[in-house]
1. Name the longest site-free stretch of the chain, where the excluded sites are trypsin sites (Lys or Arg not before Pro) in a DSSP loop with no more than 13 other beta-carbon atoms within 10 Å.
2. Under 29 Å between alpha carbons, and skipping anything fewer than 8 positions from Lys109 in its own chain: which lysines qualify?
3. Please compute the Cα-Cα pair-distance distribution of the range 62-217 with 10 Å bins starting at 0, giving whole percents from short to long.
4. What accessible area per residue comes out for the range 98-200, rounded to a whole number of Å², with a 1.4 Å probe?
5. Picking from Leu113, Leu173, Leu68, which is most flexible by a Gaussian network model of the chain using Cα springs under 10 Å?
6. Straight-line reach only, C-alpha to C-alpha below 19 angstrom: list the lysines that Lys171 could link to, leaving out same-chain residues fewer than 8 apart.
7. For the chain, modelled as a Gaussian network with Cα springs under 10 Å, which listed residue fluctuates most, Val110, Val29, Val92?
8. Given bins 5 angstrom wide, list per bin the percent of all Cα-Cα distances in the range 33-96, short to long.
Amino acid sequence: MSLWRSLFVAASLLAAPLNLAHAQTPQTVKAKNVVLVHGAWADGSSWSEVIPILQAAGLHVTAVQNPLSSLSDSVEATKRALAEQDGPTVLVAHSWGGTVISQVGTDPKVTGLVYVAARAPDANEDFVALSKQFPTGPARAGIVERDGTTKLSEDAFLKYFANGVKPEQAKELYAVQWPTAASIFAGRTTEAAWRSKPSWYAVSKNDYTINPDFERFLAKRMNATTIELDAGHLSLVSHPKDVANLILDAAGYKRS
């Protein structure tokens with residue numbers, strides 16, 4: 001291939017729109033189950049808008065109550081939920097929960113991984129250092145630490161973490177936010193399940209917690225089938241049908 005031809009192909013790839021599915025077409029295995037893993041400063045109720053859509057499609061759904069006390073504790077909680085599943089299962093994560101499914105997703109039951117505005121570390125990667133290559137979202141300035149655990153201030157939670165969510169719903173989510181160990185953000189995985197399992201990614205274009213360009217970088221790195229949503233960090237709350245439809249795609253089910 002000539003030099004000019006090589007440059008043209010490279011430029012074409014760079015110009016490809018990121019809101020379209022990547023060239024990879026995963027060999028989708030029809031799943032029976034979905035296991036949902038929430039992220040930091042949240043609990044299992046953050047999936048409450050998505051769950052009924054998946055159940056109506058015929059899927060068995062389990063939302064992990066992620067303890068957020070350490071990476072190992074969160075991994076074990078997800079492993080327990082996965083062990084209870086009968087048959088092929090799609091693992092889904094929001095935000096920091098992506099670290100957990102990247103570790104646990106190598107389980108033979110797991111047929112696909114869905115990342116919703118989520119972290120997706122490589123094995124033994126310093127993810128904090130990687131994230132510093134992109135601008136920090138304003139939500140981070142609202143982190144309040146006490147006795148080794150963190151929460152988001154009410155102002156940061158409502159303005160930047162839950163932007164795009166109905167105000168009354170955002171206040172409910174603030175009230176139930178789970179304290180998150182400060183140490184978990186630097187935790188490193190020993191596996192990167194997305195290297196061997198088909199992956200899907202929902203980028204939040206208006207995310208003030210994880211930089212949207214960072215999300216795009218992660219999705220491209222894992223060669224995920226990718227969608228972009230006009231949503232803040234909590235797209236699973238503000239755009240539940242879009243998120244559920246992506247999960248249904250991963251599970252090999254018809255969209256509602």
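The values are calculated or read from the model by the stated rules, or taken from the named source; none is laboratory data. As the structure is a prediction and not an experimental result, all values here were calculated from the model. All Cβ positions, glycine included, derive from the backbone under ideal geometry; neighbour counts span all protein chains shown. All accessible areas refer to the heavy atoms of the entire protein, side chains included, with ligands and DNA or RNA removed. Shrake-Rupley method; radii C 1.70, N 1.55, O 1.52, S 1.80 Å.
1. 133-253
2. Hits, sequence-local ones excluded: Lys30, Lys32, Lys79, Lys197, Lys220, Lys241, Lys254.
3. Bins of 10 Å from zero give 11, 38, 38, 13, 0 percent of pairs.
4. Averaged over the residues of the range 98-200, the accessible area is 48 Å².
5. Highest fluctuation among the options: Leu173.
6. Lys151, Lys159
7. Looking only at Val110, Val29, Val92, the biggest GNM fluctuation is shown by Val29.
8. Once binned at 5 Å, the Cα pair distances of the range 33-96 give 4, 19, 30, 25, 15, 6, 1.
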